[in-house]
1. I want to confirm something. Restricting to the stretch 76-110 and keeping residues that are in a loop (DSSP other than H, G, I, E, B) and of a type in the set (S, T, N, Q), which single residue is surrounded by the fewest Cβ atoms within 10 Å (Cβ to Cβ)?
2. Restricting the stretch 40-77 to residues that are more than 21 Å from Arg101 (Cα to Cα) and of a type in the set (Val, Ile, Thr), which is modelled with the lowest pLDDT?
3. Of all residues in the stretch 6-23 being buried (at least 16 other Cβ atoms within 10 Å of the Cβ) and at pLDDT 50 or above, which is farthest from the chain's Cα centre (by Cα)?
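The values are calculated or read from the model by the stated rules, or taken from the named source; none is laboratory data. Keep in mind that what you see is a predicted model, and the values were worked out from it rather than measured. Cβ placement follows ideal geometry from the backbone for every residue including glycine, while neighbour counts extend to all protein chains displayed.
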Amino acid sequence: MLCLLLSVGLLLLGPQAMATSVYVWTDNQGNRHYSDERPPDGVSFRTLEMPESAVSRRPAPSERVRDIRCRDFQGALAQLLELDDIDGNDDDWRAAKEQARNGISEWCRS
């Protein structure tokens with residue numbers, strides 16, 4: 001159970017998950033914390049050393065997640081294309097369109 005919770009916690013940390021040391025402590029309310037940052041001063045903790053390969057490995061997204069992300073980017077692009085009060089040469093608008101198209105390329109199955 002501890003390994004499962006630690007794995008989920010590391011995935012949620014995103015870019016911070018590259019740390020190889022994980023601090024574990026329990027607060028006054030009995031909640032257990034896992035973090036790559038040291039706990040506050042005066043808090044008793046232990047350190048788990050994670051191999052770099054375990055930290056950087058991520059599972060492939062499920063088909064459901066792929067479908068949701070695909071629809072999100074398709075919807076974003078549709079909304080951007082419907083805007084009629086934006087100058088077509090606006091840099092932010094063009095960047096947003098490019099980001100939506102890149103997301104569609106990444107998440108949608110052809």
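1. The first filter runs over the stretch 76-110 and keeps only residues in a loop (DSSP other than H, G, I, E, B), leaving 83-90, 108-110.
Narrowing the set further to residues that are of a type in the set (S, T, N, Q) leaves 89, 110.
Numbers: Asn89: 7, Ser110: 4.
By that ranking, first place goes to Ser110.
2. Across the stretch 40-77, the extreme among qualifying residues is Val55.
3. The qualifying residue farthest from the chain's Cα centre (by Cα) is Tyr23.
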